[in-house]
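The values are calculated or read from the model by the stated rules, or taken from the named source; none is laboratory data. Given the structure is predicted, the values throughout are model-derived calculations rather than measurements. In this analysis, Cβ positions are derived from the backbone assuming ideal geometry, glycine residues included, and neighbour counts consider all displayed protein chains.
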Amino acid sequence: MKYIITESQYNNTIDKFITYIFEPHKEKRTRKFPGSIFWVKDGEVIAEIEKPKYFYVNYKIWDNISSMLSLEYSETQQVIKDWLEEHYKLGGLTPKSNEMELILSLEEHYKLGGLTPVTSGYAGGVTLEEHYKLI
């Protein structure tokens, strides 16, 4: 059975879904990344705000949003951007999928900071230092 919904109903559904995914969260800061604000929910980093440019979203959450709503990368980016503007007045940030989360997790948990992780082609071959400007 198919249902017909209006654009406003669709937008309302998107808003509620994204709110459910990101809320409630706590904001955390670290000395290691003083220019970043991390959103933590249920003990997991779900997003990173790197002002004035980026809002990095946990890749599992990004995938969940794009899959659930059948959106392409740029569409997912736009609905998150719209949500950030409406709920937090952060529309100037550019949402990005954080494919590097697994590498960061390994570095933190196993203290592998001396290694230079290189991604597969999935993240465009960007090193951790380039992605997070750690140098």
_Six or more apart or on different chains, Cβ atoms under 6 Å: show the pairs whose first residue is in segment 8-25 and closer than 17 Å to residue 46 by Cβ and whose second is at pLDDT below 95 and in a helix (DSSP H, G or I)._
21/61
*Selection count, segment 29-64, where residues are closer than 15 Å to residue 92 by Cα and assigned to a loop (DSSP other than H, G, I, E, B)*: 3
*Could you list, in sequence order, all residues of segment 71-93 that are among the basic types (Lys, Arg) and assigned to a helix (DSSP H, G or I)?*
81
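Results for (1) outside the structural domain of residue 25 (by TED's automatic domain parsing); (2) modelled with pLDDT of 90 or more; (3) farther than 19 Å from residue 28 by Cβ; (4) surrounded by 17 or more Cβ atoms within 10 Å (Cβ to Cβ), shown as yes or no for each residue.
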| residue | (1), (2), (3), (4) |
| --- | --- |
| 49 | no, yes, no, yes |
| 53 | no, yes, yes, no |
| 60 | no, yes, no, no |
| 66 | no, yes, yes, yes |
| 81 | no, yes, yes, yes |
| 84 | no, yes, no, yes |
| 88 | no, yes, no, no |
| 112 | yes, no, yes, no |
*Those residues that are under 23 Å from residue 67 (Cβ atoms) and surrounded by 15 or more Cβ atoms within 10 Å (Cβ to Cβ), I need them from segment 5-45; list them, please.*
14, 15, 17, 18, 21, 22, 25, 39, 41, 45
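Take the residues in segment 51-67 that are among the hydrophobic types (A, V, I, L, M, F, W, C) and in contact (Cβ under 8 Å) with a residue 40 or more places away in the chain, then tell me which one is farthest from residue 35 (Cα to Cα).
Initially, segment 51-67 is screened for residues among the hydrophobic types (A, V, I, L, M, F, W, C), giving 55, 57, 61-62, 65.
Of the ones still in play, those that are also in contact (Cβ under 8 Å) with a residue 40 or more places away in the chain are 55, 57, 61, 65.
Numbers: 55: 12, 57: 16, 61: 22, 65: 26 Å.
Step by step, filter segment 51-67, then rank; the result is 65.
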